[in-house]
Amino acid sequence: MPLIKIKTLIQAPIQRCFDLSRSIDLHQISMKQTNEKAIAGRTSGLIQLGEQVTWQAKHFGSTQKLTVHITAFDAPFFFADELLKGTFKSFRHEHHFKEIPSGTLMTDFFDFEAPLGFLGQFANQLFLTKYMKKLLQERNQVLQEIAESERWKEIL
């Protein structure tokens, strides 16, 4: 199972970064390139422990749906979401936040398993891990830009 680790330094308070990271509305803004929309469960606002959201997005030329739920939550330091249903065989996305002198260090751990056994492993090596890492980095860049500007007030 591939594990993607991404560290993002954000010059903003930890609580703001934590809340923006769990914002359904910010997620949709940050995933414009895939036209990702929340279509069931929590569809706006801040997702909480035990809640679910079903996302619909276009990846690799086809529309896909996946449902995740929040399985761990320790505000404002950590939360995790895990796949309930979707294209992946499994995934767990951990969001860690640490207060530092210049703001917040946000660290993502995205541990996933592609479907289709050997073919899925081949896809991971060929393109899927790289694609997922780029998607997460783009999301984090948008989150960082919004958290460091006054735009966060429009979302939270």
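Quick notes on this structure:
- Test: residue in the range 77-85 that is in a strand (DSSP E or B) and more than 20 Å from D25 (Cα to Cα): yes
- Against the test of being among the hydrophobic types (A, V, I, L, M, F, W, C), modelled with pLDDT under 95, under 20 Å from the mean Cα position of the chain (by Cα) and part of a strand (DSSP E or B), the options F88, F112, F127, F97 yield a single qualifying residue, F112.
- Yes/no for K37 being within 17 Å of E138 (Cα to Cα) and among the basic types (K, R): yes
- Wholly enclosed strands (runs of 3 or more DSSP E) of the range 1-63 bearing at least 1 residues of a type in the set (A, V, I, L, M, F, W, C), buried (at least 19 other Cβ atoms within 10 Å of the Cβ) and touching a residue at least 24 places away in the same chain (Cβ under 8 Å): 3-10, 52-59
- Every condition in (1) on the phi > 0 side of the Ramachandran plot; (2) crowded, with 18+ Cβ neighbours inside 10 Å holds for L135 except the one numbered (1).
The values are calculated or read from the model by the stated rules, or taken from the named source; none is laboratory data. Note that the structure is a prediction, hence the values are computed from the model and not measured. Quick reminder, even Gly has a Cβ in these numbers, built from the backbone with ideal geometry, and neighbours come from all protein chains shown.
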